[in-house]
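Report on the following structure.
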Amino acid sequence: MKIKTIAVIGLGLIGGSLLKALKDKGYKLIGISRRQSTVDKALKDRIVRYASIDINLVKEADLVFICTPINKTIDTIELIKDKVKPTCIITDAASLKGFVLEHVNNSATKIRFVGGHPMAGTENRGIEAAVDGLFNKAKWVLTPSKWSNDSDILDLQKVLISIGARPILAKAEAHDKAVALISHMPMLISQALFKSVSENQEVGDLAFKLAASGFRDMTRLSMSNVEMASDMINLNRDNIMSALVDVIRCANDLNENFNTENSDFIHKYGKLIKLRKEMYNSDGNNIT
Ligand code: NAP
């Protein structure tokens, strides 16, 4: 199917940045949000030409991106499922996929749903946080539902590729475990690290004074949007806890074996450094 009209629901960091990325790509774009003030801002800043708080506008769309907060994703699916055309592909941006896919797959209504999760973002939120180029070269996970077919996935992939993203297919359960490892558990550690320094009565103040780029990089995720952080922790708790247990195991392992005279340890440590160096280029972007 040729996708001509795309609706984006939830004009915040992800939805606004998505509209910016889709602009001038030949699609008719419709922005839908909850608050009129957000819609007005999107129109005033020329992020999109058609925007409204009226959810009925999804009727026109060939593809709908749901970019609301995680905890509004299912409500929004329910709200639009009987309004969209039968051929309309629905996707989302929620950072967790298991609970969304479970809902869609157990639903009695057939919707052409393909779950999505852009692996890009910032700690900011709202339409003011929307930025150009956010998805350029970003991985974008797709988790097909039982209702979606190969052509739905291909059509969605084409749109994502048109904005420079790199679609990756995954099972929802595996996705949720993987993001616990590389995103959700690190966010919790980042918050815990910042909290531990701030609560240190003895040298906390001095530590903050001395902190430089290492501490900055390790604690960037501690500024994550609180609604999103809360949804991630509450909906992915078991995977986050398993990931945390594994990090503690690795920390203990390193702590016990850190010895420059142990050639086996030095070899293994060197391999980890090599692997890490190979992941990002000098600009900090993913190499693969
Ligand atoms: P955000 O900046 O808070 O934007 C969400 C927007 O949704 C808000 O600006 C709000 O706009 C609107 N909204 C709230 N409830 C709504 C409703 N019931 N109907 C329609 N619009 C509604 O959040 P975000 O960071 O863009 O996150 C959106 C989704 O992307 C989440 O599922 C998140 O997990 C995912 N994601 C986020 C990141 C990240 O780094 N932030 C990365 C990847 C994926 P109003 O002003 O109109 O209320």
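Some observations on this one:
- Residue in the range 15-24 that is buried (at least 19 other Cβ atoms within 10 Å of the Cβ), within 20 Å of residue 228 (Cβ to Cβ), of a type in the set (S, T, N, Q) and near the ligand (Cβ under 7 Å from one of its atoms) present: no
- Verdict on residue 56 being modelled with pLDDT of 95 or more, within 24 Å of residue 176 (Cβ to Cβ) and surrounded by fewer than 23 Cβ atoms within 10 Å (Cβ to Cβ): no
- Every condition in (1) over 30 Å from residue 26 (Cα atoms); (2) within 14 Å of the chain's Cα centre (by Cα) holds for residue 188 except the one numbered (2).
- Enumeration of residues in the range 6-32 that are touching a strand residue (DSSP E or B) at 6+ places or on another chain (Cβ under 6 Å) and aliphatic (A, V, I, L, M): 6, 7, 8, 9, 11, 18, 19, 22, 29, 30, 32
- Condition check for residue 237: surrounded by 11 or more Cβ atoms within 10 Å (Cβ to Cβ) and among the basic types (Lys, Arg): yes
- Residue list for the range 157-181, restricted to those being part of a helix (DSSP H, G or I) and in contact (Cβ under 8 Å) with a residue 60 or more places away in the chain: 158, 159, 162, 172, 173, 175, 176, 177, 179, 180, 181
- Residue match in the range 138-156 (condition: within 10 Å of the ligand (Cβ to nearest atom), part of a helix (DSSP H, G or I) and either surrounded by 14 or more Cβ atoms within 10 Å (Cβ to Cβ) or of a type outside the set (A, V, I, L, M, F, W, C) (or both)): no
- Options 109, 87, 143, 91; residue that is modelled with pLDDT under 95 and of a type in the set (Ser, Thr, Tyr): 109
- Selected residue (criterion: farthest from residue 143 (Cα to Cα)) from residues of the range 32-86 that are basic (Lys, Arg), within 13 Å of the ligand (Cβ to nearest atom) and not in a helix (DSSP H, G or I): 35
- Check on residue 94, small (Gly, Ala, Ser), buried (at least 24 other Cβ atoms within 10 Å of the Cβ) and in a loop (DSSP other than H, G, I, E, B): yes
- Among the residues of this structure, residue 234 counts as one that is polar (S, T, N, Q), within 16 Å of the ligand (Cβ to nearest atom) and without any contact (Cβ under 8 Å) to a residue 24 or more places away in the chain.
- Residue that is farthest from residue 81 (Cα to Cα) [pool: residues in the range 4-14 that are near the ligand (Cβ under 7 Å from one of its atoms) and not hydrophobic (A, V, I, L, M, F, W, C)]: 12
- Residues of the range 102-127 satisfying the condition of being within 16 Å of the ligand (Cβ to nearest atom) and part of a loop (DSSP other than H, G, I, E, B): 119, 120, 121, 122, 123, 124, 125, 126
- Residue check for residue 277: under 30 Å from the mean Cα position of the chain (by Cα), over 30 Å from residue 99 (Cβ atoms) and of a type outside the set (Ser, Thr, Tyr): yes
- Condition met for residue 225 (in contact with a Lys or Arg (Cβ under 6 Å, 6 or more places away or on another chain), polar (S, T, N, Q), modelled with pLDDT under 95 and closer than 18 Å to residue 184 by Cα): yes
The values are calculated or read from the model by the stated rules, or taken from the named source; none is laboratory data. Everything numeric here is computed off the predicted structure, so don't read it as measured data. No Cβ is skipped: glycine too gets one built from the backbone with ideal geometry, and neighbour counts run over all protein chains shown.
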